[in-house]
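Undergrad: One structure is given below, represented as C-alpha cells, and several questions about it will come after.
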Amino acid sequence: MKPENAIWTEKYRPKKVNEMVGGFRDKILKYLKDPKAIPHFLFYSKTPGTGKTTLAKAIINELKCDALILNSSDDRKIEVIRDKVKEFAITQSSKQGLRRAVFLDEFDGMLKASQDALRNIMETYSSNVFFILTCNNINKVIEPLKSRCVTIPFAYPEKSEMFNYLKMICENEEMLYDDKGLNLLIEKNYPSIRNCVLALQDLKTEGLSVTEENVKPTNEIFESMWNMLKEKNWQEIKKVVMATTVDPRELNTFFWQRALNENPINIKLIQITCRNEKDIAWGADPKIVFVTSILEMVK
C-alpha cells in the first residue's frame, strides 16, 4: 500500500516516545535512559484511542529490542502464554545486554487462567524479558500482575498538544484549515486522538477543509445511524460499518446510551448491546458482532 493511501492512524503513528501526545511522555523517557532497569508496564485508560498501543510500540522501536507483540483479545488462551510467551521469554536476546519485550495489547481480554500463568513467567524470566500490558478495564487485570507493573494511567491529553499534532497532519497533507475548525474537531472527538485523526482523513477524502461548518463529530455520524435504526434501515447501517472507519464498538456503546435514555427505556436494545460488548471484550471481531446483531435490533 502506498503511504498516501494508508489509514492515517497508522501513517501518523508516532515512532518515538518524544513524539507522543500525553503527560506520560517525560516519565517514560526517564525509564528509557537505563534500558537494563526497565520495569514491566501496565498502561490503562477508560477510553480507547488515547495512545496506549502507540506508546508500547514506540518503546520497543526506541530500544530496538527483540519483541513479541500479541493482541490479548485474540490470543487469550492459556496455551498462548505457555507456548508463545514462555518460549519467547526463555530464549536468549539477540541484542547483548538488552532484555526482550513482550507486548500484550488489550490485556483485559486475557482469561484469568492465562493471567495466572503469565504471573509465573514474569517472576521467573524477568532478567531476560520485560512486559508491556495495555487495557481499558484495569479491574479485569489480576492484582498479582498489577503489583508487578509500573501502572501508568492515560489521563486526558492536553488539547494544545492535540492541536499541534493535528495541525502538523493538516500541513503535511496540504489541507486547508483554520484554528476554529481544528479546535471544534478536537472538542467533538476528545479525548480520542484516534478519532480526531480519522475525522481529518474523512474530511480529506471528501475534499473539504477543516472549518467549523465542515467538522462533523463522531456523535453526529452515530446520530444519523441511530435514525437509520429507528427507521429499520439495517442495510444502510451495515454498509456504513463495513465500508468506513466507524468504530463498531463505540457505535454499540452509543446505541446503548441512547436506548438507556429512551422513554420508556429500550430494554431489548440494552440487552443486545450489552451482549455485544461482552462478546467483543472476550475477543470476537467487533464488526462481525455488531453487524450480525443489527437484524435483531430492528425487529
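The values are calculated or read from the model by the stated rules, or taken from the named source; none is laboratory data. All of these numbers come straight from a predicted model, not from anything done at the bench. Note: ideal-geometry Cβ built from the backbone for every residue, glycine included; neighbour counts use all protein chains shown.
Undergrad: For LYS11, indicate whether it is free of Cβ contacts under 8 Å to residues at least 12 places away in the same chain, surrounded by 15 or more Cβ atoms within 10 Å (Cβ to Cβ) and not assigned by TED's automatic domain parsing to the domain that holds ASP202.
TA: Yes: the conditions hold for LYS11.
Undergrad: Hey, another quick one. If GLU171 meets every condition in (1) closer than 15 Å to GLY49 by Cβ; (2) free of Cβ contacts under 8 Å to residues at least 24 places away in the same chain apart from one, which number is that one?
TA: (1)
Undergrad: Please tell me if TRP234 is surrounded by fewer than 16 Cβ atoms within 10 Å (Cβ to Cβ), touching a residue at least 60 places away in the same chain (Cβ under 8 Å) and out of contact with any Ser or Thr (no Cβ under 6 Å at 6 or more places or on another chain).
TA: It is false that TRP234 is surrounded by fewer than 16 Cβ atoms within 10 Å (Cβ to Cβ), touching a residue at least 60 places away in the same chain (Cβ under 8 Å) and out of contact with any Ser or Thr (no Cβ under 6 Å at 6 or more places or on another chain).
Undergrad: Regarding THR50, is this residue assigned by TED's automatic domain parsing to the domain that holds ILE138, outside any loop (DSSP other than H, G, I, E, B), at pLDDT below 95 and under 24 Å from PHE163 (Cα atoms)?
TA: no
Undergrad: From the list PHE290, PHE255, which residue is in contact with a Ser or Thr (Cβ under 7 Å, 6 or more places away or on another chain), assigned to a helix (DSSP H, G or I), at negative phi and surrounded by 16 or more Cβ atoms within 10 Å (Cβ to Cβ)?
TA: Working: PHE290 fails: in contact with a Ser or Thr (Cβ under 7 Å, 6 or more places away or on another chain).
Just a single option satisfies the conditions, and that option is PHE255.
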